[in-house]
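See structure below.
The values are calculated or read from the model by the stated rules, or taken from the named source; none is laboratory data. Every value quoted in this text rests on a predicted model; they were computed, and no experiment measured them. Every residue, glycine among them, receives a Cβ derived from its backbone with ideal geometry; neighbour counts consider all protein chains shown. Keep in mind that these areas ignore ligands, DNA and RNA; they rest on the heavy atoms of the full protein, side chains included. Shrake-Rupley method; radii C 1.70, N 1.55, O 1.52, S 1.80 Å.
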Amino acid sequence: MAIMEILAYPNPFLRKEAKKVERFDEALKKIVVNMSETMKSSDGLGLAATQVGLDMQLFILSPETFEKQEPKPISGDQNIVFINPEIVEQSKEEYLSSEGCLSFPEVFINVSRPKWVVIKAQDENGQFFEMRGEELAARAMLHERDHLIGKVMIDHVSFYNRQKALAKHQKVQKALHQQK
Ligand SMILES: [Zn+2]
């Protein structure tokens, strides 16, 4: 297992539209294991492949994101792997809630997102599945899926709120680099 470097905004890779995954092999499983370790070490709820410099349509979510959802679409404490995800349906109704991102450590902004979403994806064996996410889970699924089309959370807010978030992000990044 290996901890990967998480790219911070504005790394150009975060604006990349990721390629579809076509090979479901051992190398892919190893990537999922490494991404899981990386997410855990940073205390994240979700991580997209493009955030660790991989050009592939893949993200993982912690089962914690489904904690409040009943009935739960998953069991166990394994991370959920979404490969080549597509939005099947999403609610028109949206709600505002605080959101964070491992590419913007310590920055939290209010983002309006659909209340629920259904995403179709493949697991690490290539099996297709559909999953419905509500509230936090929907938010996390859509946030991570955005990463695979080159979008980040600040794209969803007003100019003023974006400037505020970027100012905070620059401050945090400066402090982090001084620590090194
Ligand atoms: Zn993110």
Sort 5, 86, 67 by heavy-atom solvent-accessible area, probe 1.4 angstrom, most to least. 5, 67, 86
Going by accessible area, probe 1.4 Å, with all protein chains left in place, what is the ranking of 177, 143, 156, largest first? 177, 156, 143
Taking R0 as 41 Å and r as the Cβ-Cβ distance between residue 3 and residue 94, the FRET efficiency 1/(1 + (r/R0)^6), rounded to the nearest 0.05, comes to 0.75
Value of [θ]222 nm, deg cm²/dmol, for the chain, DSSP H segments ≥ 4, -39500 (n - 2.57) each, nearest 500: -9500 deg cm²/dmol
Theoretical gain in end-to-end length, residue 24 to residue 176 [0.36 nm per residue, Cα-Cα removed]: 51.1 nm
The percentage of the accessible area of region 52-129 (probe 1.4 Å, all protein chains present) made up of carbon and sulfur atoms, to the nearest whole number, is 45 percent
Please list 82, 128, 24 in order of solvent-accessible area, largest first, computed with a 1.4 Å probe with all protein chains present. 128, 24, 82
Of the candidates 75, 127, 154, the farthest towards the positive dipole end of region 50-180 (Lys/Arg Cβ +1, Asp/Glu Cβ -1, centred on the Cα centre) is 154
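Over region 27-122, what is the mean sequence separation of C-alpha contacts under 8 Å (at least six apart), divided by residue count, expressed as relative contact order in percent?
Result for region 27-122 is 22 percent.
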Counting only protein heavy atoms and rolling a 1.4 Å probe, one gets per residue an accessible area for region 31-138 in Å² of 49 Å²
Kirkwood-based Rg to Rh ratio, the chain, C-alpha trace: 0.95
